[in-house]
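The values are calculated or read from the model by the stated rules, or taken from the named source; none is laboratory data. Because the structure is a prediction, the values reported are computed rather than measured. Every residue, glycine as well, gets a Cβ built from its backbone with ideal geometry; the counts of neighbours run over all protein chains shown.
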Amino acid sequence: MVKPMTLEEFEAYIPREFLLLIGHPGSGKSHTLLSIIDYWKTVYPESLAYVIDTEDGLRKIWKKHFSHLKPEKDIIYYLVSDIDEFLLAFEEIKPKARRLDWLCAESLSRTWEFAQDTGYQYISGMSKIEYFERRLAQRIETEKGIKLPPPIPQPDQFWQIVKHLQVRAFLDELQKLPCNILLTTTLGVEKPSGLDSAVRKEVRKFLGLSVSPDGFPRSPYYPDTVILLTKEIDGFYAQVLKDRGYEKEGEFVRFKINNFYLDLMANR
């Protein structure tokens, strides 16, 4: 039975954080993720951070700069190498994550690649790289009148598989969790306007960016807060592109990062 929110529940409600950090490699995404966990642990010592990592960079920064955050005690860490491992880790976390905990995933650009690789495997029996290597080798055969296979085999079925793995099995499920969420992704490579999809153009306009974030095109619509990180001569900077509930008309929020979470709160 579905029940409406009571006054007591409304007054006790504390909005959770749902952040997306966007930036080129080396812009400070992993360091910022760990600094948020570090600050949060000082305020809520009983909290846990669940981290699903698709690369090794975060672990190196953790070891060098945040080694006082201990595995199993402070951070429950999963290093994954494909979309199946990613979703298995996510399914393990879902029933455990509490209101004051964090679920962090790095990065959406890699999980999007993982999902596509599974799509190619399912349809063609080859990984994405193997498929394109085979297609490249077949280019020479086109001179003999042999038709080149399409860049995406059976595109309708392919995208149905990929979107299920990235969107329905992960992004949609995030909305149901009680914990705080932090996602990261990289900025893509700028493409000629005619080669970019209408959705990516729409997202760029929404965020005020000239280059699209990597990953599922609509992923920036899910978080409440989207922040662009940049590395500059005098340090690292954050530009708030979206901050649901805290945006002020006509204000442009950009700050130099010292303690990211405190800096963000001071600019709200």
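Applying the set (1) in a helix (DSSP H, G or I); (2) modelled with pLDDT under 90; (3) surrounded by 12 or more Cβ atoms within 10 Å (Cβ to Cβ); (4) among the β-branched types (Val, Ile, Thr) to Ile152 leaves exactly one unmet item: (1). Checking Tyr77 against (1) crowded, with 21+ Cβ neighbours inside 10 Å; (2) within 27 Å of Asp117 (Cα to Cα), which test does it fail? Tyr77 satisfies every listed condition except (1).
I'd like the full set of residues that are in contact (Cβ under 8 Å) with a residue 24 or more places away in the chain, touching a strand residue (DSSP E or B) at 6+ places or on another chain (Cβ under 9 Å) and of a type in the set (D, E, K, R), limited to the stretch 83-98.
Lys94, Lys96, listed by residue number.
Within the stretch 208-216, one or more residues are at pLDDT below 95 and β-branched (Val, Ile, Thr). Flag: Gln166 does not match the condition of being modelled with pLDDT under 95, out of contact with any Lys or Arg (no Cβ under 7 Å at 6 or more places or on another chain) and among the polar types (S, T, N, Q). Among the numbered conditions (1) over 24 Å from His31 (Cα atoms); (2) assigned to a loop (DSSP other than H, G, I, E, B), the only one that Ala97 does not meet is (1). In the set (1) without any contact (Cβ under 8 Å) to a residue 40 or more places away in the chain; (2) under 24 Å from Val240 (Cα atoms); (3) touching a helix residue (DSSP H, G or I) at 6+ places or on another chain (Cβ under 7 Å); (4) aliphatic (A, V, I, L, M), Leu21 fails one condition alone, (1).
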